[in-house]
Amino acid sequence: MDTALINTRARMKEKGFTLLEMMVGVAILGVLVSIAIPNYLTWNARYEFKDTARILSSNIMLSRVTAMSQNTTRTITLSVAGDMTQYNSFTPGLPNIIFPSDVSINNVLPMTVGFNAFGQKTTGGAGNQIINIDSASQPNTRYVLTITPAGKITIVVQNF
C-alpha cells in the first residue's frame, strides 16, 4: 500500500480541532456577543420599565380590592427615599417596593393613593388622579396610570 494513503487515513481518524480552528471559533463568538450585549441591555431596561408600571398598577388594584373585601380603607404612598423612588403599601400582604434606579414618578412626591370600602378613590382630589412613570433609559416613553373617582384604574403608554 502507498504510504501517503496510509497517512491520509490516519489523519482522518484523528479527532479534535486545531488551534487555528479554535481561535476562529472564539473570534466569531466574540463578534456575536459584542453585537448581542447592547441589544440585551436595551431590552432589559425596557422590560424593567414596563414591569415597574405593571406591578404598580396591579398593586394599586389589589389595594382597592382589599379595601372592598375587608370593608375598610387602604392606601399606597409613593415617595422618594434617598435617590430611589419607592412605594409603601399599607395593605397587608403587599410588600414595599423600590423602583429600578432609572425609573421614577414624574409627580410631586410623596403621593397617596387610597380607597374606601366601596372601592372609591379617597385621595387626589375630586377628579382623576394621574401618576406619570418615566424612565431615564426610555426618554420618549411614559406610562400614565389614571385612577378615576369611582376607583377604576387604567394604564396607557405615551410615546412622544
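Values quoted throughout were computed directly from the atomic coordinates according to the rules given, and no laboratory measurement underlies them. The structure displayed is predicted, hence computed values, not measured ones. Neighbour counts are summed over all protein chains in view; Cβ atoms, including those assigned to glycine, are modelled from backbone coordinates with ideal geometry.
Explain nothing, just the number: relative contact order of the stretch 18-159, from Cα pairs under 8 Å at least 6 residues apart, as a whole percent. All intermediate terms of the calculation are to be shown ahead of the outcome.
Working: 230 pairs, mean separation 27.6, N = 142.
RCO, the stretch 18-159: 19 percent.
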So the FRET efficiency between Ile35 and Val108, C-beta based with R0 = 41 Å and rounded to 0.05, is 0.45
Simple spin-label estimate for Ala81/Met23, 7 Å along Cα→Cβ, in nm, reads 5.4 nm
Any lysines whose Cα falls less than 29 Å from that of Lys15, other than same-chain ones fewer than 8 residues away, would be none
In degrees, nearest 10, the alpha-carbon axis of helix 19-69 is tilted away from the dominant principal axis of the alpha carbons of the chain by 20 degrees
Simple SL model, points at 7 angstrom along Cα→Cβ for Phe118 and Asn96; separation in nm is 3.3 nm
Computed over the Cα atoms of the stretch 18-159, the Rg and Dmax in Å are 20.7, 75
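Per DSSP H run of n ≥ 4, the term is -39500 (n - 2.57); total these for the chain, divide by its residue number, and report the mean residue ellipticity at 222 nm rounded to 500 deg cm²/dmol.
Values: 2 runs with 62 residues, N = 160.
Estimated from H runs of four or more residues: -14000 deg cm²/dmol.
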